Amino acid sequence: MFLLLLAGVACASRAQSEPGFGSLPAPSGLQSVDDWEKRFLSHWDVEHAESFLPASTSRDSWQFYGLAYGIDGNTAMYRATGKVQYLDRALLYVDNMVSAARDSWSLEGGQFRDEYRGWSSGHPKSLGLEVPLYESYCWRYVTRLLRVIRETPELYDNARYRGQYQHLLEFSEIDIFEKWFQRGADAHIYRENTHMASHWASIAMDLSLMTTDAARKERYLEVFDRINRGLPNHPSCLRGQLGAHPINAAASFWSDEWGVHSGPGQDVSHGNAVVGYIVEAQEAGMEWTDEDVRALIVTLDSIIWHSDGQYARFVDGSGTGDGWFNDGFMKLGRYDADLQRRIETHSTGRNTQFFGNAALNVRLLSEQSTH
């Protein structure tokens, strides 16, 4: 492990940003990208050696749940700094997962036994089974990583990154999306609550922006639109769930149960997935708007986050929560400098995902202030 840490430090000291990726001054009163990167690096190799690398080679889809945070944090730090060491580490995790995938028919105890590739779960409650939730929870960050490569000319025009991109995109299209769609979209894609469905909305959106196959693109957009606008097997959709908050009309309220519009609403922990998806969709200019994001900011800042160290468990403001915002709510800081200042003081979940997204928030706020 010492050698891993030493190699990581050496790599960090030599890292250079992509050409044309200049540093920008942080908005007044905010910590800089460099500040957040230093915190990120203080955890980077330890989390890699103790958690993310072993999970990526485990062949256990349950472990991909935690690995998702490592992919997201490294992708965010690359977007904040332009340093390919972070992109490379995220790609390493994804390459390892794909290399460990096996034909479904060869998975002992598996319930599908078809020719798609995947992994079985090591969780006691789902031991030996293929579980769509574990895969989608992680893969929304994989497809976002792939979009970074596709949308960054310096990466996409590089033969090495282009090769990785094409290999991983093919796996994502066939052995993630097509696999679960063909096994039954109602059961595995159009899920029974908002947060599970939001994973697939995110994956479908990303794939629609990358695929070169017209028929696949049509399918991705169909899934994206149905989750947002009208699910075929549930009495609502994401648009139908989100509405004005009963305490503050400027905020958003939603229940995770389709067709339910009463309190306590979505629990904050799982609500991170919905918020993270809406942030990505708004940035992509698909379905969700700045107005939608602004309402979510009010929900977090005024209703969920009562005061320093005091958090609601549900989006109606009730219950006692733990303040876990890393994979969704904290990404709202990229739209609002005052919220980002508050996030800087937040003590829960300070790991590489937190630091990477804090750095990206500042980078995007800095870019906005220069326009």
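The values are calculated or read from the model by the stated rules, or taken from the named source; none is laboratory data. Predicted, not measured: the structure shown is a model, and the values here were computed from it. No Cβ is skipped: glycine too gets one built from the backbone with ideal geometry, and neighbour counts run over all protein chains shown. Only protein heavy atoms, including side chains, enter the accessible area calculation; ligands, DNA and RNA are left aside. Shrake-Rupley method; radii C 1.70, N 1.55, O 1.52, S 1.80 Å.
For the chain, what is the calculated [θ] at 222 nm in deg cm²/dmol (nearest 500), taking -39500 (n - 2.57) for each run of four or more DSSP H residues and dividing by its residue count? Intermediate values should be presented prior to the final figure.
Working: 17 runs with 198 residues, N = 371.
That calculation yields -16500 deg cm²/dmol at 222 nm.
Leaving out ligands, DNA and RNA, and with a 1.4 Å probe, what % of the accessible surface on the chain is carbon or sulfur?
Carbon plus sulfur share of accessible area: 51 percent.
In nm, to one decimal, how far is the residue 218 label point from the residue 262 one, both placed 7 Å along Cα→Cβ?
4.3
Under 5 Å between amide hydrogens, which residues at least 5 positions from residue 288 or on another chain qualify, with H placed 1.01 Å from N in the peptide plane?
It is 282, by chain and number.
If R₀ is 41 angstrom, what is the calculated FRET efficiency for the pair residue 310 and residue 186, using the beta carbon separation as r and rounding to 0.05?
The formula returns an efficiency of 0.55 here.
Each residue of the stretch 32-43 in order: what ³J(HN,Hα) in whole Hz does its phi give by Karplus 6.51 cos²θ - 1.76 cosθ + 1.60, θ = phi - 60°, with x for Gly and Pro?
Karplus-based 3J(HN,Hα) across the stretch 32-43 equals 7, 4, 4, 4, 5, 5, 4, 5, 4, 5, 5, 10 Hz.
From the phi of every residue in the stretch 328-339, what ³J(HN,Hα) in whole Hz does the Karplus formula 6.51 cos²θ - 1.76 cosθ + 1.60 yield, where θ is phi - 60° and glycine or proline is x?
x, 4, 5, 5, 5, x, 6, 9, 8, 5, 5, 5
If amide hydrogens are placed 1.01 Å from N in the peptide plane, which non-local residues have theirs closer than 5 Å to the one on residue 120?
The answer is 61.
Which of these values of semi-axes √(5λ) of the Cα gyration tensor in Å was calculated from the structure shown: (1) 37, 22, 19; (2) 29, 28, 20; (3) 37, 26, 18?
Only one option fits the structure, namely (2).
Can you flag which of 38/331; 125/179; 83/331; 125/331 are past 27 Å Cα-Cα?
125/331
Sorted by accessible area with a 1.4 angstrom probe, largest first, how do 125, 331 fall?
Largest accessible area first, the residues go 125, 331.
How many Å² of accessible area per residue for the chain, probe 1.4 Å?
40
Calculate one ³J(HN,Hα) per residue across the stretch 351-358 by plugging θ = phi - 60° into the Karplus curve 6.51 cos²θ - 1.76 cosθ + 1.60, and present them in order as whole Hz with x for glycine and proline.
So the J values, rounded to whole Hz, are 10, 5, 5, 4, 5, x, 6, 5.
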